[in-house]
1. Only residues that are more than 12 Å from the ligand (Cβ to nearest atom) and either crowded, with 23+ Cβ neighbours inside 10 Å or at pLDDT below 95 (or both): list them for segment 111-135, please.
2. Check segment 63-79 and report whether any residue there is surrounded by fewer than 18 Cβ atoms within 10 Å (Cβ to Cβ) and more than 25 Å from residue 212 (Cα to Cα).
3. Return only the number of the condition from (1) within 16 Å of the ligand (Cβ to nearest atom); (2) surrounded by fewer than 24 Cβ atoms within 10 Å (Cβ to Cβ) that residue 177 does not satisfy.
4. Working carefully through the options 296, 336, 352, find the one that is exposed (fewer than 15 other Cβ atoms within 10 Å of the Cβ) and either of a type in the set (S, T, N, Q) or without any contact (Cβ under 8 Å) to a residue 60 or more places away in the chain (or both).
5. Has segment 262-271 got any residue that is of a type in the set (Lys, Arg) and in contact with a Cys (Cβ under 8 Å, 6 or more places away or on another chain)?
6. Please determine whether any residue of segment 229-245 is within 16 Å of the ligand (Cβ to nearest atom), in contact with a helix residue (DSSP H, G or I) (Cβ under 9 Å, 6 or more places away or on another chain), hydroxyl-bearing (Ser, Thr, Tyr) and assigned to a strand (DSSP E or B).
7. Restrict the check to segment 205-220 and report whether at least one residue is among the β-branched types (Val, Ile, Thr), surrounded by 13 or more Cβ atoms within 10 Å (Cβ to Cβ) and closer than 14 Å to residue 179 by Cβ.
Amino acid sequence: MSIDWEIPLSDVSFDERESKAVLGVLRSGWLTMGGQVQTFEEEFVEAAGCRHAIAVSSGTAGLHLALLALDIGPGDEVIQPAVNFIASANMTLAVGAAPVFADITALETPTLDPGDVERRITSRTKAVVAMHYGGFPADVARLRELCRAHDIALIEDACHAVGAEVEGAGMGSWGAIGAFSFFSNKNMVTGEGGMVTTGDDSLADSVRRLRSHGMTTLTWDRHKGHAYSYDVLRPGFNYRIDELRAALGRVQLGKLAEFNDRRRKLMEAYRERFAPLEERGWMLAFRDAPLWPRASSCHLCAAVAPSREVRDAAQRELKSRRIQSSLHYPFIPAFSAFSEGDEAWRETLTRSEAFCEREITLPLFPAMTESMVERVLEGVVTSAKTRQPSR
Ligand SMILES: *Cc1c(COP(=O)(O)O)cnc(C)c1O
């Protein structure tokens, strides 16, 4: 049975514009990749300030294609955060390469520590995956410099960071390739869906072909009379997005600035009211990071409790108030599929492990109100005041 949350963790924001767009596609009779997808990609290029945008079926598909297009495979190592959604590590294994986890900078700054990344570079390192946790950009300037110096590729897992930028350059345009997700809990939503961005023409060609079986032409091209046949240059996948989702994505992209602005205001509200928790040893992730428009997409509000027990108590208290919370994320090296073999390096991920044990994600979505922020924090403060039962 599902709980009827009074304040959910996240929520979609749709109105009649989304319905109209999707109905329009249904009535047009062309549902697979076509004109809507092409326009969605063009509009994304414009919004994200990148050279190429290639729409795909999910963020995970985008990460898979990024690794394949960069020719990463068996024998290669890909350095990436241990504090991340599992997709990047899974796709690294899927192409036959080995994930090498690097630590985060600090509990308040849970993005890749460039110094730790550098220490883990070997002759087998082919790429570094940076993830912009919660929508706050990783240190892309230093990571890009580091990657250039070692002749390895920077990949951005930008799934949290749509609409954010650093030094005027959109996330997804700092690395060789970036991947975005439009899953239902992200800042813009198509249900399932994603986007790959790159500034490199030949990587863009590879991603486009690999998205559709490795074929050199599309059904759409043949429909328009541009082509009759095709070649397959390299085996690919069906990672296409359809017209319904692209139409939905276009409407959501149009609202993104407004959504992110609302998220930013709510993040400010969390910051302004966080002092009583700070006094009790809590931290708010990215507390001191800039919050001007586009400095962050404010995808998540992540707080770090003084201990795992205190975090768990907060989660229980919120649940009793029908306020949903979450964890981003369980510590990847502890998953069964990743915990075999030499474990010594795991002990060098102390900040990541502590973060994963003590983090709680609090509700944040555009339709949330400041008074809801107050109710969430009241719940956390109450749990922090209650004495913990001794174990
Ligand atoms: C959502 C997400 C993904 C995966 O995206 P899907 O579209 O669900 O496949 C990958 N990385 C991060 C950081 C994410 O948040």
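The values are calculated or read from the model by the stated rules, or taken from the named source; none is laboratory data. Since the model is a prediction, treat every value here as computed from it, not as a measurement. Backbone-built Cβ (ideal geometry, glycine too); neighbour counts: all protein chains shown.
1. 112, 117, 127, 128
2. yes
3. (2)
4. 336
5. Yes, segment 262-271 contains at least one residue that is of a type in the set (Lys, Arg) and in contact with a Cys (Cβ under 8 Å, 6 or more places away or on another chain).
6. No: segment 229-245 contains no residue that is within 16 Å of the ligand (Cβ to nearest atom), in contact with a helix residue (DSSP H, G or I) (Cβ under 9 Å, 6 or more places away or on another chain), hydroxyl-bearing (Ser, Thr, Tyr) and assigned to a strand (DSSP E or B).
7. Within segment 205-220, one or more residues are among the β-branched types (Val, Ile, Thr), surrounded by 13 or more Cβ atoms within 10 Å (Cβ to Cβ) and closer than 14 Å to residue 179 by Cβ.
So that you can scan it fast, the table gives a plain yes or no per residue for (1) surrounded by fewer than 16 Cβ atoms within 10 Å (Cβ to Cβ); (2) away from the ligand (no atom under 15 Å from the Cβ); (3) polar (S, T, N, Q):
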| position | (1), (2), (3) |
| --- | --- |
| 18 | no, yes, no |
| 27 | yes, yes, no |
| 33 | no, yes, no |
| 41 | no, yes, no |
| 52 | no, yes, no |
| 60 | no, no, yes |
| 82 | no, no, no |
| 92 | no, no, yes |
| 95 | no, yes, no |
